[in-house]
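One structure below.
Since every read-out is calculated from the coordinates, none of them should be taken as a lab result. As the structure is a computational prediction, the values presented were derived from the model and not from experiment. FYI the Cβ positions are ideal-geometry reconstructions off the backbone, even for glycines, and counts take in every protein chain you see.
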Amino acid sequence: MGQRKIIREGTPMRKLSLKERRTTFKEVALGYNLEEALREAERCLQCPQPPCVKACPLHIDIPGFIRLLKERRFEEAIEKIKETNEFPAITGRVCPQELLCQEVCVMKRIGDPVFIGRLERFLGDYEIKKGIKVPEKIVENGKSVAIVGSGPAGLFAAARLRKLGYKVTIYEALHRPGGVMVYGIPEFRLPRHVLDAYINYLRKLGVEIKVDYVVGKAVTVAELLKEYDAVLISTGAGTPRFLRIPGEELNGIYSANEFLIRVNLMKAYRFPDYDTPIKVGKRVVVVGGGNTAMDVARISLRLGAEVTIIYRRTEKEMPARREEVENAMEEGVKFQFLTQPIEFIGDEKGWVKKIRCIKMRLGEPDESGRRRPIPIPGSEFEIEADTVVIAIGASVNPIIQATTPGLKADRKGRIIVDENGRTSLDRVYAAGDVTSGEGTVIEALAEALKAVNSIHRDLES
Ligand code: FAD
Ligand code: SF4
Ligand code: SF4
């Protein structure tokens, strides 16, 4: 047998030209073609005890699907991924893979890790192009589940439960299903045709999706429990947090949530074809260092603004995905680190025109393990801005907790669940950001899978 050739360098992903990135909402990362995917698959060592599988929250059989891909058995490779992951074209794009499966990949010791997420995306896109297969026959089990919220957790649970034979109805407050994947993450990172393909697949499976339906107002969880055998709450964390500093009520200052909903969901960037305008000035300042801040900044840039991100720690501590920070920098977003706003200053008409800031230094690590930012006395200065977006995180949506007696939540309003997604109420389960505060898509999927397993176990017995 010939010796195996080790390829140390990972296969790069082609990107849209910078010119197009700055002026359009087209997807930036272009994905692998067949040749690139086969080359990258070749790099996997097929480890007998693969650390990558352990590190993936859904424990996808990574060497298994890569081997099938390498052998050009694409349908089987997709089936392998779908043993635990319903949405590979989404996770392949937005999962923080560099911190999960790829972080522990054995190839990292001698070169680049295998770019697992890109291979997953390749197969997910292949499946969407071919048309996602629906099982020929679902054996109905006569039981029903209501799912509240149609973000990744809710959609994922719906697909799994329906395939197990449950009648599934999703209740969604907004007019489109998808949660943050439709109103938060912009099209240049997650094109809507990908999400639409999965939502069509759910509909073909027989999942009913009721939009414009706020549970807690139109119907309560107690009422749902009379109609359904179980209720899964996956309402996410969409309540904006503010800085609580003087001047925050001025015109031109948005929460990231409001900004993103207007641009992404109501298509403000296509005004006047769509009728929800958003006023984005020439100088946009975004406060924050997470994925949300990067998305807001890159959207503003595409709307023609000069954009600065203000972050109170250094580049190293930014929680955003590294790839997206690099993209933002390449596209021309400026960064001002170790800076904290302390006051917004307006003009005579009540519009923001300046931000008073203070310089920070880093002290000892806090409970999150990151070094605490400390203001430097006497270092105040001003920055000009005509639009400000506050992207410093969000809290859980509280309406269900407030209208469901006996449902236990912690002091931040997060629904308390055991390790299997069960809440304090019988037949009520929860998953995703509503239990964790702010998480990631893959964490939401992994929690949804646990809740689905619990529902199935509890309702079968
Ligand atoms: P959500 O996606 O928040 O969905 C909850 C749904 O419930 C919403 O549609 C909401 O309208 C609905 N709802 C709320 N209350 C009710 C009610 N009372 N009745 C009916 N429906 C209700 N994660 C990553 O892994 N990678 C990324 O690159 C990434 N980028 C992000 C960028 C932005 C701008 C944001 C905001 C988040 C990002 N995240 C990212 C985080 C990720 O999107 C979330 O962790 C994930 O969406 C959580 O999923 P979820 O299903 O719990 O909730
Ligand atoms: Fe890696 Fe995320 Fe895919 Fe799991 S879901 S294999 S962690 S990219
Ligand atoms: Fe392949 Fe890396 Fe996983 Fe080993 S750790 S099986 S090389 S992807």
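Summary: within the chain, the longest segment free of GluC sites (Glu not before Pro) located in DSSP loops with at most 15 other C-beta atoms within 10 Å is 141-248.
Across the stretch 18-130, counting alpha-carbon atoms alone, Rg and Dmax equal 13.9, 47 Å. Expressed in Å, the radius of gyration and Dmax of the Cα atoms of the stretch 240-394 are 15.3, 51. Among complete DSSP H helices in the chain, those whose alpha-carbon atoms stretch at least 15 Å along the helix's long axis and whose mean Kyte-Doolittle hydropathy reaches -1.0 are 116-130, 152-163, 192-205, 291-302, 441-460.
Once C-alpha pairs closer than 8 Å and six or more residues apart are averaged by separation and normalised to the residue number of the stretch 240-394, the relative contact order reads 31 percent. Any chance you could tell me what percent of the C-alpha pair distances in the chain go past 29 Å? Beyond 29 Å sits 52 percent of the P(r) for the chain. Straight-line reach from Lys359: taking Cα to Cα under 15 Å and skipping same-chain neighbours fewer than 8 places apart, the aspartates and glutamates in range are Glu315, Glu343, Glu380, Glu382.
The calculated Kirkwood hydrodynamic radius for the stretch 337-435 is 17.3 Å, given to one decimal from all distinct C-alpha pairs. Return the subset of Lys54/Lys130; Lys19/Lys316; Lys70/Lys210; Lys204/Lys226; Lys316/Lys354 for which the Cα-Cα distance in this structure is over 32 Å, preserving the input order. Those over the limit are Lys70/Lys210. A straight Cα-to-Cα reach below 18 Å connects Lys15 with the lysines Lys26, residues fewer than 8 places away in its own chain not being considered. Taking a straight Cα-Cα cut-off under 22 Å and skipping sequence neighbours fewer than 8 places away in the same chain, the lysines within cross-link reach of Lys412 are Lys217. Please state, as a whole number in µm²/s, the translational diffusion coefficient that the Stokes-Einstein equation yields for the stretch 295-351 at 4 °C and 1.567 mPa s, with Rh defined as the Kirkwood radius across alpha carbon pairs. The diffusion coefficient I find is 102 µm²/s.
If you take the Cα centroid of the stretch 221-251 and the Cα centroid of the stretch 119-191, the two points sit 21 Å apart.
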